[in-house]
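Asks: Below: one structure in structure tokens.
The values are calculated or read from the model by the stated rules, or taken from the named source; none is laboratory data. What you are looking at is a predicted structure, and each value in this text was computed from that prediction instead of being measured. Ideal geometry is used to build each Cβ from the backbone, glycine not excepted, and the neighbour counts take in all protein chains shown. Heads up: the accessible areas ignore ligands, DNA and RNA and are worked out on the full protein's heavy atoms, side chains in. Shrake-Rupley method; radii C 1.70, N 1.55, O 1.52, S 1.80 Å.
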Amino acid sequence: MKPVYFINGFLESGKTQFLKYTLAQQYFQIKGTTLLILCEEGEEEYDDQVLKNAKVIVEKIENQEDFTVEKLTQLEKDWKPERIVVEYNGMWNNKDLQLPANWTVEQQITCIDASTFPTYYNNMKSLVAEMVRKSELIIFNRCDSVMENLATYRRNIKAVNATADVVFENKEGEINEIFEEDLPYDLKDNPLVLTDETFGIWYMDTMDHPERYMNKEIEFVGQVMKPPVFDGEHFVPGRMAMTCCADDMTFLGYACKWDKVAHLKEKDWVKVKAELKVEYFAPYKGEGPMLYAKKVEKTTKPKQEIIGF
């Protein structure tokens, strides 16, 4: 079987940019020839040297009536590629797509310009749906001007393909956005009880979206840290987290105000129930999440002292 990698998207959706980046990576310098079939040309162009280094042969099929099983079979016979990449024309309906019997789609990716997505989605919904339906990965790029709409865009995609991975990118790169529906707990819970598995996610989401947790009671087990710059009324209950490997550890926690901080020792394990607010705190050098303890009691250390996130 001949592996095929299928890249969908409307004109100027970022398909060529995505493929240019992929072809230039070291991991793509692999054995055998790659046949790249271009079905439309945008403003982005491929670098001849990059194509040569990656052993890529480019063939163009500009008219949908020429994208036939016979034509594709002939291209395979001509070039005998190890793999085939198709940059498909977004205006050609995927429902009409036919490939040679020995071609198997290993991965299908759809690229979407987030700034123009509503126009295409509202006016060409059937074309968008056919692109998305069989794609494993949906990449929204150029998200800088529509950040407030990303949750809606994601729901639009998930309504068509619930299993697809959806990635958002802005000019800085991938956006590590956590949407409410992806959180591993219910924000309606009060108190919100955190576990070893959910503490790290809560910490990161609170940093990005403190408004979700304002005036909510949070309950968790943490270890005591008493930074020297803190006064006698604040401490940090938190957890050590491994970000990628054993050598890359960090302590996650927010300042907590409690009138009995003097009773705590560094590295004590405590069960904390506190209300979260956002306010100015000098050690933060600005505003940030602040916990107001309602109950703090010493406890035993958890079986899993170090968490992941």
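Asks: More than 35 Å from the chain's Cα centre (by Cα), within 19 Å of L192 (Cβ to Cβ), open to solvent by 30 Å² or more (accessible area, probe 1.4 Å) and modelled with pLDDT of 95 or more - does that describe any residue in segment 284-295?
Replies: yes
Asks: Of the residues K265, K273, K303, only one is open to solvent by 50 Å² or more (accessible area, probe 1.4 Å) and in a strand (DSSP E or B); which?
Replies: Answer to the check: K273.
Asks: Next up: Could you please let me know if Q74 is surrounded by fewer than 16 Cβ atoms within 10 Å (Cβ to Cβ), under 22 Å from A101 (Cβ atoms) and in contact with a helix residue (DSSP H, G or I) (Cβ under 8 Å, 6 or more places away or on another chain)?
Replies: no
Asks: Name the single residue that is nearest to K265 (Cα to Cα) among those in segment 180-226 being open to solvent by 20 Å² or more (accessible area, probe 1.4 Å) and either small (G, A, S) or part of a strand (DSSP E or B) (or both).
Replies: Once the filter is applied, the top-ranked residue is M225.
Asks: From the list V229, V236, exactly one residue is in a strand (DSSP E or B) and more than 28 Å from the chain's Cα centre (by Cα). Which is it?
Replies: Just one listed residue meets the conditions, V236.
Asks: Taking segment 215-263 on its own, how many of its residues are at pLDDT below 90, charged (D, E, K, R) and under 21 Å from K285 (Cα atoms)?
Replies: Number of matching residues: 1.
Asks: Okay, moving on. Hey, can you tell me all the residues within segment 177-194 that are free of Cβ contacts under 8 Å to residues at least 12 places away in the same chain and under 11 Å from the mean Cα position of the chain (by Cα)?
Replies: Across segment 177-194, there are no qualifying residues.
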